[in-house]
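Reading through the structure tokens given below for one structure.
The values are calculated or read from the model by the stated rules, or taken from the named source; none is laboratory data. Keep in mind it's a predicted model, so treat the numbers as computed, not measured. Here the Cβ is made from the backbone with ideal geometry for all residues, glycine too, and neighbour counts use every protein chain on show. Quick note on the areas: whole protein, heavy atoms, side chains included, nothing else; ligands and nucleic acids left out. Shrake-Rupley method; radii C 1.70, N 1.55, O 1.52, S 1.80 Å.
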Amino acid sequence: MTRLVRTGAELPELLGAIARTVSDSLAFRTVVINLYRREWDDFIVTTVYGSDDAKAALLGQVQPPSEWEPLLDARFLQRGAYFITAGEIDWDAVGGTTFTPDIVVSDDPTAWHPDDALFMPMRGPDGELLGILSVDEPLSGRRPSGDEIDVLVAVCEHAALAVQAAQEGARAQANRDALERLLAVSTTLN
């Protein structure tokens, strides 16, 4: 991720690399990134890595912050992530588009349930919410331990810094391009 930022990778490429890294190194079949868009005050699903069914259901979906509020409630906060276990929330009442993987429900209380959800907010150094990274379908078939959540949160914090750097780079380039256009127009006015 850091290498992509240093080389000036475009944000979509960076987000894809983040999702792939989380999936491959932390063993989650599905990784979804929702970016916050200040201009519209909403979240858009920009990246879905892994499950084709999740990609078809979620990619490009837009949600207002009000649909995230019940999911980012303090009662679900565990070690910097929001972990919602099956039965703790009525997904139909939340609104918006959700994805429920087609996995077998186990009687084992430590097994991942299709209605489990794990979200990590991506925040800049100033605390500004940049987006939300969510994971699903752990390859182990188990709910993550506290240590595993700590690793997810640490990776998400690093990813947030990379996203912020890429967004700032894109804004700076857009400003430079606008100034060049303005200069070109102003030279023709004389």
> Scanning the range 24-44 for residues that are in contact (Cβ under 8 Å) with a residue 40 or more places away in the chain and under 13 Å from the mean Cα position of the chain (by Cα), which turns out surrounded by the fewest Cβ atoms within 10 Å (Cβ to Cβ)?
Replying inline: TYR36
> So which residues in the range 61-81 are open to solvent by less than 30 Å² (accessible area, probe 1.4 Å) and either farther than 19 Å from THR110 by Cα or of a type outside the set (Gly, Ala, Ser) (or both), if there are any at all?
Replying inline: GLN63, TRP68, LEU71, PHE76
> Which of (1) assigned to a helix (DSSP H, G or I); (2) within 14 Å of the chain's Cα centre (by Cα); (3) more than 17 Å from HIS158 (Cα to Cα); (4) touching a residue at least 24 places away in the same chain (Cβ under 8 Å) does LYS55 not meet, given it meets every other one?
Replying inline: (4)
> Taking into account only those residues within the range 116-150 that are part of a loop (DSSP other than H, G, I, E, B) and in contact with a strand residue (DSSP E or B) (Cβ under 8 Å, 6 or more places away or on another chain), which is most open to solvent (accessible area, probe 1.4 Å)?
Replying inline: LEU139
>> Conditions first: (1) hydrophobic (A, V, I, L, M, F, W, C); (2) touching a helix residue (DSSP H, G or I) at 6+ places or on another chain (Cβ under 6 Å); (3) in a loop (DSSP other than H, G, I, E, B). TRP40 passes all but one, so which condition is the exception?
In response: (2)
> So GLU88 fits all but one of (1) touching a Leu at 6+ places or on another chain (Cβ under 9 Å); (2) open to solvent by less than 80 Å² (accessible area, probe 1.4 Å); (3) charged (D, E, K, R); (4) free of Cβ contacts under 8 Å to residues at least 40 places away in the same chain; what number is the exception?
Replying inline: (1)
>> I want to confirm something. Restricting to the range 91-105 and keeping residues that are open to solvent by 60 Å² or more (accessible area, probe 1.4 Å) and hydrophobic (A, V, I, L, M, F, W, C), which single residue is nearest to LEU133 (Cα to Cα)?
In response: ALA93
>> Checking the structure you have, find out if any residue of the range 100-116 is touching a Leu at 6+ places or on another chain (Cβ under 7 Å) and closer than 18 Å to ASN34 by Cα.
In response: no
